[in-house]
Amino acid sequence: MSAQMERPADEELLFQPTLSINGLITPETVSFAVGRLEDIRTSGKPLIVELNTDGGDADAARRIALEVRLFRKHSSQPAYCVGKSNVYSAGVTILGAFPRDMRFLTEDAILLIHERRLESSIELSGPIRSCLQIVREQLSLLETAQDLEMAGFQQLVEGSNLTVDELYEMATKNCYMKAEKALEHRLIGGIFK
């Protein structure tokens, strides 16, 4: 089976996923997805991901996206993603691992694109030098997280009519984007009605 083969029929993309991710993205979702990807590689079938999620762990989603990109690069099997109903937050990271023309949404689907969230407090106590080191470490963590976020946004906009800066501006406002708008922006290859 070649990655250049004809696209599967709509019915196959809609009703015969080889990997279903439904629910919150967690570290357990990573284990499940990695196991399924190995089975799919062995089977020779195309990767067809059904994605319906309210979001979850950003780092878990990044890992799943990495595994999808590795599958695409090192497998001769084509890979598609169909977002259904909710593709929020961490789900958008996974969606972005697929080329624009191989990602689809159902007509009711909504993307939630926003900045990564952090809930943390820093307690400073002790010598100034130690406190400065704690602040530097936290700043480095935030800068790294922002770089990872921008890399994910860059993958999502490839082939679209949006720049990464335009998408980032939308993300700062918690952008809920309907399927039609995603198609208008060329973030997806099509809508299933």
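The values are calculated or read from the model by the stated rules, or taken from the named source; none is laboratory data. A quick note: this is a predicted structure, and the numbers were derived from the prediction, not measured. Cβ sites come from the backbone with ideal geometry, for glycine too, and all protein chains shown count toward neighbours.
Of the conditions (1) farther than 15 Å from Gly190 by Cα; (2) assigned to a strand (DSSP E or B), Arg69 satisfies every one except a single condition; which number is it?
Of everything listed in (1) farther than 15 Å from Gly190 by Cα; (2) assigned to a strand (DSSP E or B), Arg69 misses just condition (2).
Taking the residues in the stretch 131-168 that are surrounded by fewer than 11 Cβ atoms within 10 Å (Cβ to Cβ) and not acidic (Asp, Glu) as candidates, determine which candidate is farthest from Leu95 (Cα to Cα).
Out of the qualifying residues, it is Arg136.
Listed residues Gly91, Gly83; which is at pLDDT 95 or above and either assigned to a loop (DSSP other than H, G, I, E, B) or within 10 Å of the chain's Cα centre (by Cα) (or both)?
Only one candidate passes the filter, namely Gly91.
Take the stretch 171-188 and flag every residue that is modelled with pLDDT under 95 and in a helix (DSSP H, G or I).
Hit for the stretch 171-188 is Ala171, nothing else.
Among Glu143, Glu166, Glu149, Glu123, which is the only one that is out of contact with any Leu (no Cβ under 9 Å at 6 or more places or on another chain), outside any helix (DSSP H, G or I) and acidic (Asp, Glu)?
So the residue among Glu143, Glu166, Glu149, Glu123 that is out of contact with any Leu (no Cβ under 9 Å at 6 or more places or on another chain), outside any helix (DSSP H, G or I) and acidic (Asp, Glu) is Glu123.
Quick check on my filter: what residues within the stretch 46-94 are out of contact with any Pro (no Cβ under 9 Å at 6 or more places or on another chain) and among the acidic types (Asp, Glu)?
Selection gives Asp54, Glu67.
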